[in-house]
Amino acid sequence: MEKNVYEFKAGDFSVRYSLRYKGTLRYFDQYLRKTDSLSSDIEVSDEYIDECNRLIFKNENKRSYQEFSALMVSTGNHLLAYQRALFHGAALLWNDQAWIFTAPSGTGKTTQLLHWNEILKDEMTIINGDKPLLECRDDGSVYVYSSPWRGKEKYGTPGIIAPLAGIILLQQGQQNIIQRMKPEDAVIPLFTEFVSYPQNTDQIKNQADILTRILSAVPVWKLINRGDQESALLTLNTVRNSL
Amino acid sequence: MKDWRIQPGIALVEIKGIYLLVSDQHARKYCPYILRINEIGAFIFRQMEEQKDIHEIQEFLKKQYDIPEDCDLNQDISHFINLLSDKKCLIQEETE
């Protein structure tokens, strides 16, 4: 049977997918293009889709969307061997640099993204609303790309590449407080925001290595916030002063 | 006598001085995804990975941390082993 192989490119790096279900392709929008290649890097089995759906995505009904989500997890695992990762966060481009808001789902990443957008207007662009791709380079820098997994709002701009300048870890609270985190305090909260479901200990070690590189490259702030525009202004002024 | 082995699929990693035991998808069926341990715990875990017994671990610990010879660390090591065992990071086996 002929395989339909599609490719996702992030800079000069690519991942090739073989899709099992016809409807899955539409979720990728413009992020995948068909290739003539007959071999793929990633193809998920029905058993893997079932496992991901049972353990991670408990509310998905459409089989094609389940496959799209299982491919995200599989991509997250796959990238770890190449000093790359899918990371759970909202990434934006401002001042020629990328900034990422991260937090467990429902903590206000998109809210912060929209507040920044209201304040900065054309000065900023959303790179990816939910799962940007991070790339650790040999010179110690970390670069951010968009990925097909952009969250329910589908915020994202294919083709943008920007150096990561900082990460803001969000926590809901009754007042707005921002503080720079010591790298060691950021380890566990950031480790758990990698999109991965490691299949072996090598993948775990690769993920640890990538996080070490990220924490060596950029500052991390913790923003306890009420989710209002004032918290976005506070953050913006804080990171502006750090430039 | 009780013997133990490390649950397959658990990796010890160090990130910015923080030591974590992290479970892969197989180990996660039994163990927490992440368990933070301290530097000495990480040292003991590494010895366990090399299948050292509790007496050997005690000797290595004393050497590594300049602990006096007459100090008995068996209870502390056993406590750590029991903690990992409770979290299913170790599989205890009865031996003769």
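General observations
- Entry remark, the range B:1-12: residues being within 13 Å of chain A (Cβ to nearest Cβ) and surrounded by fewer than 20 Cβ atoms within 10 Å (Cβ to Cβ) number 2 in total.
- Any hit, the range A:58-78, residues being within 30 Å of A:Ile224 (Cβ to Cβ), outside any helix (DSSP H, G or I) and modelled with pLDDT of 95 or more: no
- Residues (in a helix (DSSP H, G or I) and either at pLDDT below 95 or open to solvent by 10 Å² or more (accessible area, probe 1.4 Å) (or both)) located in the range A:192-207: A:Thr201, A:Asp202, A:Gln203, A:Lys205, A:Asn206
- Residue match in the range A:151-159 (condition: of a type outside the set (Lys, Arg) and over 29 Å from A:Val15 (Cα atoms)): no
- Applying the criterion of being within 13 Å of the chain's Cα centre (by Cα) and more than 9 Å from chain A (Cβ to nearest Cβ) to the residues of the range B:13-41, the residue that is surrounded by the most Cβ atoms within 10 Å (Cβ to Cβ) is B:Leu21.
- Within the range A:27-54, considering residues that are open to solvent by 70 Å² or more (accessible area, probe 1.4 Å) and part of a helix (DSSP H, G or I), the one nearest to A:Glu7 (Cα to Cα): A:Gln30
- Residue match in the range A:118-132 (condition: open to solvent by 60 Å² or more (accessible area, probe 1.4 Å), touching a residue at least 24 places away in the same chain (Cβ under 8 Å) and in the same structural domain as A:Asp12 (by TED's automatic domain parsing)): no
- Residue in the range A:79-100 that is open to solvent by 10 Å² or more (accessible area, probe 1.4 Å), of a type outside the set (D, E, K, R) and in a helix (DSSP H, G or I) present: yes
- One residue stands out in the range A:208-243 among those that are in contact with a Ser or Thr (Cβ under 6 Å, 6 or more places away or on another chain) and open to solvent by less than 20 Å² (accessible area, probe 1.4 Å): the one that is nearest to A:Lys131 (Cα to Cα), namely A:Leu223.
- Boolean, A:Leu234 is more than 21 Å from the chain's Cα centre (by Cα) and assigned to a helix (DSSP H, G or I): yes
- For the range A:148-204, filtered to residues that are within 14 Å of chain B (Cβ to nearest Cβ) and of a type in the set (D, E, K, R), the residue that is nearest to A:Gln112 (Cα to Cα) is A:Glu193.
The values are calculated or read from the model by the stated rules, or taken from the named source; none is laboratory data. Nothing here was measured: the structure is a model prediction, and the numbers come from that model. Cβ coordinates were reconstructed from backbone atoms using ideal geometry, including for glycine residues, and neighbour counts include every protein chain displayed. Accessible surface is based on the protein model in full, side chains and every heavy atom, while ligands, DNA and RNA are left aside. Shrake-Rupley method; radii C 1.70, N 1.55, O 1.52, S 1.80 Å.
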